[in-house]
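J.: Submitted below is the structure of interest, expressed as structure tokens.
All of the numbers you see were taken from the coordinates with simple rules; none came from a lab. None of these values were measured; they are calculated from a predicted model. Using ideal geometry, Cβ is built from the backbone for each residue, glycine included, and neighbour counts are taken over all protein chains shown.
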């Protein structure tokens with residue numbers, strides 16, 4: 001449909017961009033290369049500075065997107081080719097196989113119960129999260145459809161006990177599987193939705209405009225940074241987010257990975273790794289408020305928990321942010337302007353000693369904590385390099401998409417008809433992402449053609 005738009009990335013920015021464009025009668029293709037829409041926000045516990053439930057805000061929007069007549073969701077789908085044509089763009093997408101029929105699957109979960117193999121969850125593994133080889137991305141996933149790990153389907157999980165491990169027939173050559181327990185469980189429920197022989201398929205579209213909402217990702221600390229991956233009780237702030245989330249692997253219980261006991265003294269190191277050759281070279285804007293939110297919620301869980309935030313410069317730039325910081329202080333959160341330089345573990349208690357320079361007094365001090373959280377900052381999405389090449393648009397030196405002119409042509413790129421919003425433009429919080437998404441959607445639907453673009 002030539003009068004349609006395509007949005008790449010279905011996090012909170014992509015979802016709000018799609019909803020706003022669809023309200024104006026525009027056909028929207030919402031594309032994401034993961035199995036569910038929702039992005040990073042769907043994995044968070046609360047949002048700052050109001051501490052409202054994150055999924056409670058986003059889930060109704062996800063449901064609205066899924067049921068809007070003008071929006072077509074394409075998950076597990078990658079962009080492969082874009083060419084200017086007829087004042088718009090001809091697009092080639094590849095929808096990767098989920099090995100499950102999305103029309104037949106009802107998300108009942110019987111296939112997951114039948115699967116014999118449990119593996120560490122990609123996001124929650126450090127704090128005890130697991131999943132099966134056939135799994136739902138998260139409880140409120142949209143579409144609410146199971147997906148099979150490609151490693152199971154290809155036979156790479158045989159050593160871990162995958163039930164198809166003894167089969168010598170390629171799934172693509174077989175249509176009646178008598179071995180796979182997920183297939184049998186699904187048929188028992190009368191669904192017959194598991195399709196181990198399913199293949200990827202090409203999708204060709206014609207759209208007027210494209211909006212890139214590729215999002216952001218958290219920076220993974222290198223092994224050894226403040227004891228990360230050396231000591232069990234050193235985790236990242238996104239892993240702590242999953243710890244305190246009622247829908248996370250611990251049911252919202254803030255417990256230590258080492259012994260599953262409740263932590264009563266927790267430290268946060270801000271700007272962890274920043275300034276080092278392997279660290280994020282810029283301020284990610286949101287980390288100070290994320291740590292503040294996490295300390296407040298920790299105190300709500302248990303007021304007796306001691307919380308310490310080691311920071312360099314406090315970033316409280318948005319509406320209500322300074323008051324949010326003051327609330328944390330009033331609740332007993334201890335903020336120390338410090339430069340941590342060493343962390344070591346007591347081998348018996350697994351407690352951690354943080355050595356640091358107090359930047360206000362110049363003295364060398366140390367604290368013992370039971371759990372240490374590293375705020376490592378935000379990075380551009382790993383998909384940006386590939387998208388920039390396909391769309392023929394530029395990235396800045398940090399890996400985010402470059403705007404044509406941030407003042408005179410915000411959210412526009414050098415290619416007419418292609419726009420950016422949210423984390424695609426740089427580190428950003430949820431409220432800013434929504435504002436940018438609304439603006440980008442209006443630019444996209446008002447675009448009157450792109451003759452000569454991409455040439």
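J.: For the pair residue 187/residue 68, report the inter-label distance in nm, with labels modelled 7 Å from Cα in the Cβ direction.
T.: The two pseudo-label positions are separated by 4.1 nm.
J.: Could you list 278, 68, 226 in order of exposure, starting from the residue whose Cβ has the fewest other Cβ atoms within 10 Å?
T.: 278, 68, 226
J.: Distance from the Cα centre of region 63-78 to that of region 194-211, in angstrom?
T.: Answer, in whole Å: 13.
J.: Now for a separate question. How much length, in nm to one decimal, is gained on full extension between residue 402 and residue 204, taken as 0.36 nm per residue of separation minus their Cα-Cα distance?
T.: Length gained, residue 402 through residue 204: 68.6 nm.
J.: Using the basic label-point model (7 angstrom from Cα toward the beta carbon), what is the residue 312 to residue 52 distance in nanometres?
T.: So the label points at residue 312 and residue 52 sit 3.3 nm apart.
J.: Where both partners of a DSSP beta bridge lie in the chain, what percent of those bridges are antiparallel, to the nearest 5?
T.: 55 percent
J.: Could you calculate the FRET efficiency of residue 158 with residue 304 from 1/(1 + (r/R0)^6), where r is the beta carbon distance between them and R0 is 60 Å, rounded to 0.05?
T.: 0.80
J.: Still on this structure, please answer the following. Looking at region 219-377, send over the antiparallel percent of its DSSP beta bridges, to the nearest 5.
T.: Just about 45 percent of them are antiparallel.
J.: Within a 10 angstrom radius of the beta carbon, how do 95, 366, 223 rank from fewest other beta carbons to most?
T.: Listing 95, 366, 223 from fewest to most nearby Cβ atoms yields 223, 366, 95.
J.: Right, next: Set the Förster radius R0 to 51 Å, insert the Cβ-Cβ distance between residue 119 and residue 330 as r into 1/(1 + (r/R0)^6), and round the FRET efficiency to 0.05.
T.: Working from the Cβ atoms, E equals 0.75.
J.: Using a Förster distance of 22 angstrom, determine the FRET efficiency expected from the C-beta separation of residue 414 and residue 319, and round it to 0.05.
T.: Working from the Cβ atoms, E equals 0.10.
J.: Further, regarding this structure: Of 295, 118, how do they rank once you tally other Cβ atoms within 10 Å and put the fewest first?
T.: Fewest to most other Cβ atoms nearby, the residues stand as 118, 295.
J.: Between region 306-336 and region 362-390, how far is it from one alpha carbon centroid to the other, in angstrom?
T.: Region 306-336 and region 362-390 have Cα centres spaced 18 Å from each other.
J.: Now, a different point. Measure off 7 Å from each Cα along the Cα-to-Cβ vector at residue 80 and residue 179, then give the distance between these two points in nanometres to one decimal.
T.: Rounded to a tenth, the inter-label distance reads 2.9 nm.
J.: Any idea what the relative contact order of region 331-418 is, in percent, if you count C-alpha pairs under 8 Å spaced at least 6 apart?
T.: Normalised by residue count, the contact order of region 331-418 is 15 percent.
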